[in-house]
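J.: Quick one: the structure is below, and I'll ask about it shortly.
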Amino acid sequence: DLRTDGVDLNRNYPIFWDQDTETNHMSSYFKGSAPSSEDEVKAIINLARKVPFELAIFYHSSITGALNERIFLPAVNDEDPRFLKLREQADFYAARATRDYFRGTYSVHRGSSSRVGNARNFFYHSQNAGAMLIEVGGVNRKGQSIIHPPEKMVKRINKRHYKAFIALMQHMSELD
């Protein structure tokens, strides 16, 4: 946990860890002293190695709010058929996830993605699982990032994402 030991857990996974240049232990983006140095990351890695995931979805909130209400996919060199299938799944989910602070629905980030030791890169490249990061939260009309919304809003956000998730699972089962 960044607040207790200064490590950004979403940069501590062993895939692409060495490519992350952030080594300042005072930085909010510190990757840790070694790959998989954090117990929480070790637990997720152990789970991933025991349970074959078809799709891993990670929910996160950006401290600045600048990335919120978007979906991010793993870093890839080529958009091969496997990646295109994952992007189609992300587009499907995004179209069904209503934004919480502005009109419209979530969007899927296009272009390059973070090539650091994050969970989505680990699951996609090491575990051969589809993986996406969904940035929840948002920026209110005053321009303030909402990281910890009130309980009523949390319930509304959960309900919207639950519906989008169930729709995606049904869609995926129809394609199989």
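The values are calculated or read from the model by the stated rules, or taken from the named source; none is laboratory data. Source: prediction; values computed, not measured. Cβ: placed from backbone, ideal geometry, glycine included. Neighbour counts: every protein chain shown.
J.: Quick check: is even one residue across the stretch 17-28 more than 22 Å from Gly138 (Cα to Cα), at pLDDT 95 or above and assigned to a loop (DSSP other than H, G, I, E, B)? Spell out the reasoning first.
T.: Filtering the stretch 17-28 for residues more than 22 Å from Gly138 (Cα to Cα) gives 17-27.
Narrowing the set further to residues that are at pLDDT 95 or above leaves none.
Checking the stretch 17-28: not a single residue is more than 22 Å from Gly138 (Cα to Cα), at pLDDT 95 or above and assigned to a loop (DSSP other than H, G, I, E, B).
J.: Which pairs have Cβ atoms under 6 Å, sit 6 or more apart or on different chains, and link a residue in the stretch 72-87 that is without any contact (Cβ under 8 Å) to a residue 60 or more places away in the chain and surrounded by 10 or more Cβ atoms within 10 Å (Cβ to Cβ) to one that is in a helix (DSSP H, G or I) and not aliphatic (A, V, I, L, M)?
T.: Here the result reads Pro74/Arg120; Pro74/Asn121; Pro74/Tyr124; Ala75/Asn121; Val76/Phe83, each pair linking the stretch 72-87 to a residue that is in a helix (DSSP H, G or I) and not aliphatic (A, V, I, L, M).
J.: Identify the residue in the stretch 99-119 that is modelled with pLDDT under 95 and either touching a helix residue (DSSP H, G or I) at 6+ places or on another chain (Cβ under 6 Å) or outside any loop (DSSP other than H, G, I, E, B) (or both) and, among all such residues, is farthest from Asn10 (Cα to Cα).
T.: Asp100
J.: Would you mention how many residues in the stretch 31-54 are surrounded by fewer than 16 Cβ atoms within 10 Å (Cβ to Cβ) and among the aliphatic types (A, V, I, L, M)?
T.: Of the residues in the stretch 31-54, 4 are surrounded by fewer than 16 Cβ atoms within 10 Å (Cβ to Cβ) and among the aliphatic types (A, V, I, L, M).
J.: Now a separate question. Answer yes or no as to whether Met169 is in a helix (DSSP H, G or I) and modelled with pLDDT under 95.
T.: Answer is no for this residue.
J.: If you don't mind, there's one more thing I want to ask. Going through the stretch 98-128 one residue at a time, which ones are under 24 Å from Ala34 (Cα atoms) and of a type in the set (Gly, Ala, Ser)?
T.: Of the residues in the stretch 98-128, the ones under 24 Å from Ala34 (Cα atoms) are 113-128.
Residues satisfying the conditions are Ser113, Ser114, Gly117, Ala119, Ser126.
J.: I've got another one for you. Condition test on Ala95, is it in contact (Cβ under 8 Å) with a residue 60 or more places away in the chain, part of a helix (DSSP H, G or I) and either small (Gly, Ala, Ser) or touching an Asp or Glu at 6+ places or on another chain (Cβ under 9 Å) (or both)?
T.: Values: in contact (Cβ under 8 Å) with a residue 60 or more places away in the chain: no; part of a helix (DSSP H, G or I): yes; either small (Gly, Ala, Ser) or touching an Asp or Glu at 6+ places or on another chain (Cβ under 9 Å) (or both): yes.
So Ala95 does not fit the description; no.
J.: Does Gly65 satisfy the criteria of being in a loop (DSSP other than H, G, I, E, B), at positive phi and touching a strand residue (DSSP E or B) at 6+ places or on another chain (Cβ under 6 Å)?
T.: yes
J.: In the stretch 29-53, which residues are outside any loop (DSSP other than H, G, I, E, B), more than 15 Å from His125 (Cβ to Cβ) and small (Gly, Ala, Ser)?
T.: Ala43 - this is the single residue of the stretch 29-53 that is outside any loop (DSSP other than H, G, I, E, B), more than 15 Å from His125 (Cβ to Cβ) and small (Gly, Ala, Ser).
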